[in-house]
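Structure, as structure tokens:
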Amino acid sequence: MGNIFKFTQPLRFGDCDLTGFVYLSSFFDMINSTVEEWFEHGLGLPFDAFHLQHGYGNPIVSTSCDFLRPCRYGEKMTVELAVSNLGRSSIELRIAGKVGADERFLARHTTAMISMNSFRSIAIPDDLRSKMRQYAIGPDRLPALPRTPGPAEYAPAHAFRTRQPIRYADCDPSEIVYFPRFFDLFTNVLEDWFAQELDSPWSSDFMGPRNLRVPTVAISCHFARGCRLGDMLEVALWPTRIGRSSMQLALSGSVGGEECMRVAWTLCVVSSRTFDPVPIPDDIRARMEPFLIHRA
């Protein structure tokens, strides 16, 4: 077992949604902050120098996260980071979030080392690789990945489709979308699907009179290319499984016909009073069914 890098931060008002629970994209902000802290205090290479002085980049390749328990405003989260695999240019991390001794989320997070001049992968420098190895752990410590749909399942004709412009505020100093912003975008697409196709707008029906919520249980995202300011991201969403209270969704995103991401997303319908799972309402389930892929 190698070293584990730890970074503690309070869960603040701005991290949380209207229920007082941490919002999905905030978890990935925490993951990114922990990686930045690790570079500076664990590897001795501040992230600003990594990008601006050395001309390196560290874009996201894939991230997969299981959410074990909800997190609330006012709690203190300790995020633990270890290296599960080092490739020539890729870095796979095991990241766990804890409140006290209670594990709240578990993630596998893979990034790539690139040159910001060419935007192509480069070998991790030997001195940096040596420092990263001090945080290496064995494969038996890795969490299982949520299932990601295969290529044949992508973009069926009956999927819900929407277009999202990439805006200035979405982008980071690398001039591509800061990856936690994608989780805001996924939530926007989900909310649009509920409003436009399931006849259950969150404000006036689902989270209003019905008093329901749809927290994330697990999400797995694979990114094939970056998205830049001015791109028009076309997103398709459809369910791959509808359970009693849970749903498994697939999303795909493309720019100009070129696929840039694939997502597998598991959510659960819960009561906002108790946060316990409740059945998906029959009328909403009936409107979901036409979007479901039926296999022989």
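Couple of notes before you dig in:
- Ignoring lysines fewer than eight residues from Lys98 along the same chain, the ones with Cα atoms less than 24 angstrom from its Cα are Lys6, Lys76.
- D (Stokes-Einstein, µm²/s), Kirkwood Cα radius, the chain, 1.567 mPa s at 4 °C: 64
- In this calculation the C-beta distance from Arg273 to Arg133 is compared with R0 = 45 Å, giving a FRET efficiency of 0.40.
- Order of Ile122, Ile95 under a 10 Å beta carbon neighbour criterion, fewest first: Ile122, Ile95
- Only Lys, Arg (+1) and Asp, Glu (-1) charged, at Cβ; the chain dipole about Cα centre in debye: 600
- Between Asp199 and Ala224, the modelled label-to-label distance comes to 3.6 nm, taking each label 7 Å out from Cα in the direction of the beta carbon.
- Choice from Ser26, Ser174, Ser130 showing the highest fluctuation, given a GNM over the chain with Cα pairs closer than 10 Å: Ser130
- The alpha-carbon of Lys131 sits under 13 angstrom from the alpha-carbons of these aspartates and glutamates, leaving out residues fewer than 8 places away in its chain: Glu40.
- For the chain, built as a Gaussian network whose Cα springs stay under 10 Å, the top-fluctuating residue of Leu106, Leu43, Leu18: Leu18
- When only alpha carbons of the range 1-145 are considered, Rg and Dmax amount to 15.4, 47 Å.
- Rounded FRET efficiency, nearest 0.05, which uses the C-beta distance separating Asn188 from Ser245 and R0 of 30 Å: 0.85
- At 0.692 mPa s and 37 °C, Stokes D of the range 146-296 from Kirkwood alpha-carbon radius, µm² per second: 204
- When the chain is treated as a GNM with alpha-carbon contacts under 10 Å, the residue of Phe223, Phe105, Phe275 showing the greatest mean-square fluctuation is Phe275.
Only the coordinates and a few stated rules stand behind these numbers; no lab work does. All values reported here derive from a predicted model rather than from experimental measurement. Using ideal geometry, Cβ is built from the backbone for each residue, glycine included, and neighbour counts are taken over all protein chains shown.
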